[in-house]
Amino acid sequence: MTSFVRRMVFDFRPAWLAAIAVLVAILPLLDGLWLAQPRSLIPQVFVFFLAMPALTAATIKLPVWGMLPVSRREIGRAQWWLAVASPLLIVLASLSAALAVVGLCGGVAASPAQIAALAGDECALAVAFPALALWNSIARNRLAAVVAVGWLALLAVVAFSPLTLAVGLTAGALAATAAVVTYLAPTMVLLRSTVQLSIGARRAGARSRPTLRSGMRGWATLAAPFLTDTAGMAVVSIFAFATMRLLARHGNALTDPTAAGFAMAVLALAPSIFGAQVRQSARALRGLPVSGDFLASASIGAVVAAQLLAFSALYLACRLLTGPADALLRLLPFAIGFSACSLPLYLRSRNPIGAALSFPVFIIGNDILAGSPTLAWLGVAVGFAGVVAGWVWLRFELTRGRRAYRPWPTATSSWRGRQLPG
Amino acid sequence: MTDDAIVLSRVTSRRGDFQLGPLDWTVPRGAVMAFIGPNGAGKTTTLDLMMGLGQPDGGAIEVAGQHQPKDEVALKARVAYVNPDLNFAAWGKVGRAIDFISGFYADWDNARCARLLAEFGLDRNERVATLSFGARMKLSLVMALSRDAEVLLLDEPTVGLDVATRHKLFGEILDFMKREGRTVVISSHQLADLERLADHVAILNHGKLLTSGRMDELVERYEQIDGRLTNGRSLPALDGVRVLARDGDRVRALLDRKFADETELAACPFEVLARTPLTLEDLFVALVAN
């Protein structure tokens, strides 16, 4: 690692560092619990999200990095250290620390084969998302899509297989291969923003993008990318549910409701994407000849409508996969309320705190709601209150709040000219 | 070391329907080059390509004696680029962004940086995200001017700046130019400001370079003539004469002395009523809008 790469990698804001520290502190705890009782928890699930903060930070900083006197290779390496190497190192350090502490206490119940399998599994999940993102950005062609699909299929095999030594070692080997390939790719990786809504005339030759016009057609163009994103989220949530359900089948103490909670938490991320679009377009939206009431209602309405559509897909898939999925139904009003509130939260906080909150909120909320069918009414009440609160809050943010109108850096790596192939 | 700070040879770049170039353009060392053109002409694309942000489809780019992309690191170490799209919000506070950026440059001058921060009214403890648009532009300018770069590429540096700050910026650019062999390229739509500051000008339109050269020579080369057609018909096609407007028998034309033959014009059924020297703005409108 050259000094410039080191400077880019170790460039943390204190607040960001604190968030990572929390994640890093949770992992050894989960690992320790698993080592003491190998069938009780799945630490791997959290590992999957380790790379996301680093990837986001690297994406936002990329335009400035491009100006610095560093080569494309160095920028690519900095991204690799942040997105691939750091999660791997954190996973291995966490497991080692947990093993040392639990071992000193004499509480290790997992066999060496189980521990090796867990290590391999965690490594694969840690590099799964960044390797896919980096590879997709590097290749940018059909081959990238083929490899991405293959990579996802391999991951699915890993995730759906029982946690045996062979599976763990295979997963570990996959992780090592992905890490090496992305390290050797001699290019600056340009991750593109998918959340910015273009308002205005279509650029010549550019792909058709949503354009805001007056009247209902304008609202339709605003809602279209949101619905597309929500459909994507529905697919991911179905995948999440299936993964969790199948992991549960392999001996973990996971239940259907917990899997449902996890899937609904993924689905609740959709408003974060819509929030980014509203944020990018906030000034233009406020410039339209419509009232704040209408603007808030239309935005919340779009969130609720998209949630219902995506939920329908998830529910149908879950019924086909596992039979009755009552837990999902119990969570639905809760999810809608949460989504309605996460939209103004996103405008206020800039960072997708709503997304970060969704997993603990849903899993804890689910545990409460799953206790008794009568408590399902509590979910409906909470959901309704969430929609009302979300509407009031969003209206405030759009009409009186100032932060929604502040510019927000997105991944502006759409530099002019052809992107570098490597 | 060549006499040219920037040499673009047959540079092309296609982005959708937009085609930049083939662009052959040189900027002499020590010049303050006004790089102007209408919106979407390709100015930012050209500057981005010089800085290695994207790759041209063809041609060669040399800036400060360094070739792009072969010498990209050495090139970026010698060039400072200011662009309105740059955002340092990811670094939180102004001071953190400066500390990060300064670590990459051996020629960073902390004293100059502190002076510029005070001059532009920025505080190291301010959050970048809460800065106004103009203040964020000031921060980008501080980042560029705190170095001893050989070439300064300024893309719309005055956008969002108040008049007083604009004057301070021009003072800083003049100060920068006092150092030996420094070159500045300014892309801007503030033509009156550029006319006072720049000694060279290049006009780009639809991705093609219309003209480039010394400001005084270009302004002298072109002349606006107002006249009357004595035969009531149209002005015959003449080299170096372009009709800008016609109202009845009155004609306004642009005369390019480099190609126009005055005797040929005198032989035409056209009575010259007035000859008006052009400002940069007049020249821009005449060349681009017509």
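What is the fewest-to-most order of B:GLU271, B:GLU126 by other Cβ atoms lying within 10 Å of their Cβ?
Going from sparsest to densest Cβ surroundings: B:GLU271, B:GLU126.
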Members of B:LYS138/B:LYS168; B:LYS70/B:LYS208; B:LYS76/B:LYS168; A:LYS61/B:LYS70 lying beyond 21 Å, as alpha-carbon distances in this model show: B:LYS70/B:LYS208; B:LYS76/B:LYS168; A:LYS61/B:LYS70
Ratio Rg/Rh [Cα only; Rh per Kirkwood] for the stretch B:1-83: 0.94
Cβ-based exposure ranking for B:LYS43, B:LYS93, B:LYS178, in which fewest neighbours within 10 Å come first: B:LYS178, B:LYS93, B:LYS43
Kirkwood Rh, angstrom, the stretch B:124-224 [1 / mean 1/r, Cα pairs]: 15.2 Å
Inter-chain Cβ neighbour average for residues B:119-129, partner chain, 10 Å: 1
For chain B, average projected area of the Cα convex hull in nm²: 17.3 nm²
Estimated Rh, the stretch B:39-86: Kirkwood, alpha-carbon pairs, angstrom: 11.2 Å
For chain B: relative contact order, % (alpha-carbon pairs under 8 angstrom, 6 or more apart): 20 percent
For the stretch B:1-157, alpha-carbon Rg over 2.2 N^0.38 Å: 1.09
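Here, each number is a calculation from the coordinates, and none is a lab measurement. Since the structure is predicted, the reported quantities are computational estimates derived from the model, not experimental observations. Cβ atoms come from the backbone with ideal geometry, glycine included; neighbour counts cover every protein chain shown.
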